[in-house]
Amino acid sequence: MSRIGLQMYTMRDHVKTLEDYKATVTKVAEIGYKVLQMTRPAFMELSENVAFLNSLGLKADSVFKPWDKVIPEIADAAKEAEAYGCDVLRTNSIPDEMRIKGADGYREFAKLMNESGKACKDAGLKYMYHFHAFEWITFGKERGIDILLNETDPELVYFYPDVFWLTNAGTEPSVSLRMFKDRAFTMHVKDYAIKQLEGKIENVPYYFASVGEGNLNWDGIMKTANDIGINLFVVEQDMCDGDVFEAIKTSYDSLRKMGLK
């Protein structure tokens, strides 16, 4: 399987109809992407989407379920994963109602993650949590991310690093990625860039840039990522000021130049 993927959230404004979805995914394949991270469009049956992706030589790397739907809808997730030929279930972030409880809320969610991870393992799936920057909030001597890492079972719960959010959290990704050795096999990639300053110097605006067009230490990031066992690098540009097709092509080309295929 290719080591370069695309999170289709990046293309969300171009996949609102069946016609646009098919045209957009076709363009993505023409750029060179072979792996998509996606949620099946509501206007397509599972079998129809699988056939369409297969016709373009594309593969889905995972299926998605909201954190509170993992256990009640595990059979559906397993069926969808089997159809796509993958074995990963990804889920979203700790909900606000737990997050605002502080450390206790993170511990509460860690227990739920273990339960969801067990349900996934029993169904033949790997449970993967995607964090952002807010989980790096400190509670005395520990951080939210430390609680989630230390209080979940490594056999049941995997994490999904994102180099942009690791930077936004105030860490150096080539260093902080090492926290996820044996706990991650996929990560999101995009660059962290600075906009022209307007107003107070304390208000430094940043933006989501294509890989290689920002300030991230890609040599260090790629070395660490390979050291800890990351096998899939998924491009995700949460927001794009210019042409999104050009943006994802730039990221794809940059990753290829870094040696990924």
Within the set Lys101/Lys181; Lys223/Lys249; Lys126/Lys181; Lys34/Lys79; Lys16/Lys249; Lys195/Lys223, which residue pairs have Cα atoms separated by over 18 Å?
Lys101/Lys181; Lys223/Lys249; Lys34/Lys79; Lys16/Lys249; Lys195/Lys223
Rg and Dmax of region 118-261, Cα atoms, in Å?
16.3, 54
Lys/Arg Cβ at +1, Asp/Glu Cβ at -1, dipole of the chain taken about the Cα centre: which of Asn114, Ile137, Ser55 is farthest positive-ward?
Ser55
Just the ratio, please: alpha-carbon radius of gyration of region 188-259 over 2.2 N^0.38 Å, N its number of residues.
1.22
Residue-level accessible surface for His130, protein heavy atoms, 1.4 Å, Å²
20 Å²
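At 222 nm, what helix-only mean residue ellipticity would the chain give, in deg cm²/dmol to the nearest 500, using -39500 (n - 2.57) for each DSSP H run of four or more? Don't skip to the answer; put the middle values down first.
Working: 10 runs with 101 residues, N = 261.
Rounded to the nearest 500, it is -11500 deg cm²/dmol.
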Bridge orientation stat for the chain from DSSP, antiparallel percent rounded to 5, came to 20 percent
Per residue and in Å³, how big is the convex hull formed by the alpha-carbon atoms of the chain?
138 Å³
Going Cα to Cα from Lys261, which aspartates and glutamates come in below 14 Å? Please leave out same-chain ones fewer than 8 positions away.
Asp253
Which of the aspartates and glutamates could be linked to Lys118 by a straight reach, that is with a Cα gap under 12 Å, when you skip same-chain ones fewer than 8 residues away?
Asp153, Glu155
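I need the peptides 190-197, 63-70 ranked by packing, meaning the mean over residues of other C-beta atoms within 10 angstrom, with the highest value on top.
Values: 190-197: 15.2, 63-70: 18.1.
Ranking, from highest mean packing down: 63-70, 190-197.
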Under 5 Å, built H, 5+ apart or other chain: amide partners of Leu6
Val35, Leu36, Gln37, Val235
Centre separation in Å (Cα based) which lies between region 54-104 and region 1-18
16 Å
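The values are calculated or read from the model by the stated rules, or taken from the named source; none is laboratory data. Everything numeric in this text was worked out from a predicted model, so none of it was measured. Backbone-built Cβ (ideal geometry, glycine too); neighbour counts: all protein chains shown. Accessible surface is based on the protein model in full, side chains and every heavy atom, while ligands, DNA and RNA are left aside. Shrake-Rupley method; radii C 1.70, N 1.55, O 1.52, S 1.80 Å.
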